[in-house]
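The values are calculated or read from the model by the stated rules, or taken from the named source; none is laboratory data. Source: prediction; values computed, not measured. With ideal geometry, Cβ positions are generated from the backbone for all residues, glycine too; neighbour counts draw on all protein chains shown.
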Amino acid sequence: MSRGLVFMLQSVVLYTSANLLVKALAVLPTPQLVFLRSAISFALCAVWIWRKGDPLLGHNRKWLVLRGITGMIALTLFFHTIRHIPLASATVIQYLSPIFTVLLAILFDGQRIRPYRWLYFAAAFGGILMVKGFDPRVSWLYLGMGMGSALLAAVAYLATIKCRETDTPVGIVTYFHMIATPVMGSWSAAVWHPMTGSQWIMAIGIGGLSLLAQVAMTKALHLEDAARVMPFKYFGAILALGLAWTLFDEKITGWALVGIAIVLAAVTANAIAGRTKVSVP
């Protein structure tokens, strides 16, 4: 097994673990969860940037601000869906983000894709509708929030691409937390829920695990071709399904499971197709 693949699998496990902690802290308001995650990650990132001597405010500030705002809203919506619908469903809806990324690139950049990839897009959205239709816990409200989160995550990803040549990966991530910490801190102050010692430990775990997951995924994409490692990212939905079923008794119905499988197959096929080079005769 290559090092890149090992880092990707580590990232999947770390992200899933962080999301399980969010589910365990579902009694806390969403703004409070996002604030705690952002504040802890920002503190860790700021120390890293200070030791490297990089500028805290970054270079490509217009795109960094856009990335920070869209990422903050996307994370807030995602955490809210985790609190209220099964973790596996929330995770698989979030996996629509790469589909939205391609659609936005077509709309704003005029990017052209092979016609068969539209079948993958249709299959992904069809699978999501199956998850919604066969699981009464997934209301239209939370489905809309989940899809909104995936769309905004796609915008954040495109903004990240704009900053790739000017700012470091940690610098880009730091900007997101630097924006989210005061905004969500102000909001959470109005709805703050007292926390026990164990809840503080879990909250610190969310911030630390999420940051480690981001680092692991960055290393994976530096060491290995994305077409090889990105499909393994979607193993996270299967992991979330098994662990949430075991720990929180979140059972998924048969047809909803079929919908999840269709979405995973479609986004995996899209990830591979998106990296396939077109040969010119």
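For region 101-116, which residues satisfy the criterion of being at pLDDT 85 or above, surrounded by 16 or more Cβ atoms within 10 Å (Cβ to Cβ) and under 18 Å from Ile272 (Cβ atoms)?
Answer for region 101-116, where residues must be at pLDDT 85 or above, surrounded by 16 or more Cβ atoms within 10 Å (Cβ to Cβ) and under 18 Å from Ile272 (Cβ atoms): just Leu103.
How about region 92-148: which of its residues are free of Cβ contacts under 8 Å to residues at least 60 places away in the same chain, assigned to a helix (DSSP H, G or I) and of a type in the set (Ser, Thr, Tyr)?
Selection gives Thr101 alone.
So which of Ser139, Ser89 ends up being of a type in the set (Gly, Ala, Ser) and surrounded by fewer than 19 Cβ atoms within 10 Å (Cβ to Cβ)?
Going through Ser139, Ser89 in turn, just one is of a type in the set (Gly, Ala, Ser) and surrounded by fewer than 19 Cβ atoms within 10 Å (Cβ to Cβ): Ser139.
On the basis of being closer than 28 Å to Trp245 by Cα and not hydrophobic (A, V, I, L, M, F, W, C), does Pro55 make the cut?
When the stated conditions are applied, Pro55 does not pass them.
Go through (1) over 28 Å from Trp200 (Cα atoms); (2) of a type in the set (A, V, I, L, M, F, W, C); (3) part of a helix (DSSP H, G or I) and name the single condition Phe79 misses.
Condition (1) is where Phe79 drops out.
Being modelled with pLDDT of 90 or more and either outside any loop (DSSP other than H, G, I, E, B) or crowded, with 22+ Cβ neighbours inside 10 Å (or both) is the requirement here; does Leu66 meet it?
So Leu66 passes the test.
Working only within region 117-155, note down all residues that are basic (Lys, Arg) and modelled with pLDDT under 90.
Passing the criteria: Arg117, Lys132.
Consider only pairs whose beta carbons are under 9 Å apart and that are at least six residues apart or on different chains; among these, list those whose first residue lies in region 6-22 and is assigned to a helix (DSSP H, G or I) and whose second residue is crowded, with 21+ Cβ neighbours inside 10 Å and basic (Lys, Arg).
Within 9 Å, the pairs are Met8/Lys233; Ser11/Lys233; Val12/Lys233; Tyr15/Lys233; Ala18/Arg37; Val22/Arg37.
The rows are residues; the columns are (1) at pLDDT 95 or above; (2) within 13 Å of Ala203 (Cβ to Cβ); (3) out of contact with any Cys (no Cβ under 6 Å at 6 or more places or on another chain).
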| residue | (1), (2), (3) |
| --- | --- |
| Met1 | no, no, yes |
| Val6 | no, no, yes |
| Leu9 | no, no, yes |
| Tyr15 | no, no, yes |
| Leu21 | yes, yes, yes |
| Val27 | yes, yes, yes |
| Phe35 | yes, yes, yes |
| Ile40 | no, yes, yes |
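Residues that are under 29 Å from Ile252 (Cβ atoms) and of a type in the set (Lys, Arg): does region 110-119 have at least one?
There is at least one residue in region 110-119 that is under 29 Å from Ile252 (Cβ atoms) and of a type in the set (Lys, Arg).
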